[in-house]
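Following: one structure in structure tokens, then a few remarks.
The values are calculated or read from the model by the stated rules, or taken from the named source; none is laboratory data. In this text, all values refer to a predicted model and were calculated from it rather than measured experimentally. Cβ sites come from the backbone with ideal geometry, for glycine too, and all protein chains shown count toward neighbours.
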Amino acid sequence: MDKTKKSMLSLKWEDGNLVILDQTKLPMETEYILLETVEDVWDAIFKLKVRGAPAIGIAAAYGLYISVRASKAQSFEEFYEELRNNEDYLASSRPTAVNLFWALKRMEKRALSSKEKNMGEIKEDLLQEAHNIRQEDEQMCKAIGENLLTLLKDEMTVLTHCNAGGLATAKYGTALAPVFLAKDKGWNIKVFADETRPLLQGARLTAWELMQYGIDVTLICDNMAAHVMSKGWIDAVITGCDRVAANGDAANKIGTYGLAVLAKAHDIPFYIAAPSSTIDIDTSDGEDIVIEERHGDEICCGFGRRTAPKGVKVYNPAFDVTPCHLITAIVTEKGILTPPYSEAIKEILLKQV
Ligand code: MRU
């Protein structure tokens, strides 16, 4: 085994417990914490201890199982009501990443399909479904990486935003998956990582996990992206995504839209990496995607120091929407989608891999 390449799992199921790497502590501390109750899971998602669309979905799936594992319900109807209440509760933790709702619905469907079984078996099935969601995510991420690699070449440099690496998924990541896979096959793909204001997922998480794996990463402030593009240093921009609407508009971490505009201006391909669980056919376009707004203190008092006058008005959207006309391709585990996206999305959702 190559000791220079290290990667840590964002979450694991260990001895009957959900254990997550507390991402708010990175890069200074690597601390795994136990989430014992559904409230613990809600809080971990809300506070971004576990974050990134796929990882949120996986955590919520386990959270839903945890919420009913000690249920004393006497009938399926009683059990189902309990499950639905906890599902709604977990769904209220964050509004933008559709993977959260997707995973919860999948758990609900599994419960319904196990309806005729006894309570112990239904609970077992729910745990199994959460495991399936986690394992499938790992496979999807690997396939996304392989598909993205067909668009890249050895020695290229990519720019990414936020963190769409292994930390945001079960393993490999989405936008960063090709970079890890490239490293494994001896390629040298370099990465420029936007620091990603205000919570610095790029600096704290992306730079950290790429360095752990021995990948050449250069950290820049978000407002430096145009400059490095103008120098001709960027061959492709690749970001993850929290929700792809039916027309191909894509919501991702605030600042992604700006990058897409810059990429267009510099004639650089702009790729969105997304597992099919991130595609929301029920949301017709980006206008309909709910954008999470977070507390202004994340901007004014990030990391313990006040950097803006007390009482200043703050607007802190956590995501923005990149219109589909700025996206060169949406890379999924099932294939590479190119415009027009409405048709491509419908086709890919029907495709079995
Ligand atoms: O607020 P975060 O850190 O959860 O935002 C995460 C992102 O925007 C990621 O790019 C997205 O979830 C894709 S992760 C594979």
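Data table
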item	result
Selection from segment 28-56 of residues that are touching a helix residue (DSSP H, G or I) at 6+ places or on another chain (Cβ under 7 Å) and either in a helix (DSSP H, G or I) or within 26 Å of Thr239 (Cα to Cα) (or both)	Val38, Val41, Trp42, Ala44, Ile45, Val50, Arg51, Gly52, Ala53, Pro54, Ala55, Ile56
Test: Ile189 is over 24 Å from Thr278 (Cβ atoms) and assigned by TED's automatic domain parsing to the domain that holds Glu292	no
Verdict on Asn85 being outside any loop (DSSP other than H, G, I, E, B) and either modelled with pLDDT under 95 or surrounded by fewer than 18 Cβ atoms within 10 Å (Cβ to Cβ) (or both)	yes
Criterion (away from the ligand (no atom under 14 Å from the Cβ), more than 26 Å from Ile289 (Cα to Cα) and touching a Leu at 6+ places or on another chain (Cβ under 9 Å)) met by exactly one of Met224, Met229, Met211	Met229
Count - residues of segment 213-233 that are crowded, with 17+ Cβ neighbours inside 10 Å and either over 16 Å from Asp194 (Cβ atoms) or not assigned by TED's automatic domain parsing to the domain that holds Met156 (or both)	1
Set Lys105, Lys123: member being part of a helix (DSSP H, G or I), of a type outside the set (A, V, I, L, M) and either touching a residue at least 40 places away in the same chain (Cβ under 8 Å) or buried (at least 18 other Cβ atoms within 10 Å of the Cβ) (or both)	Lys123
Within segment 234-248, considering residues that are more than 7 Å from the ligand (Cβ to nearest atom) and surrounded by 24 or more Cβ atoms within 10 Å (Cβ to Cβ), the one nearest to Leu176 (Cα to Cα)	Ile238
Every residue from segment 261-277 that is in contact with a helix residue (DSSP H, G or I) (Cβ under 6 Å, 6 or more places away or on another chain) and either within 13 Å of the ligand (Cβ to nearest atom) or of a type in the set (Ser, Thr, Tyr) (or both)	Ala273, Pro275, Ser277
Filter result for the condition that a residue is away from the ligand (no atom under 14 Å from the Cβ), over 15 Å from the mean Cα position of the chain (by Cα), in a helix (DSSP H, G or I) and assigned by TED's automatic domain parsing to the domain that holds Arg204, over Lys153, Lys183	Lys183
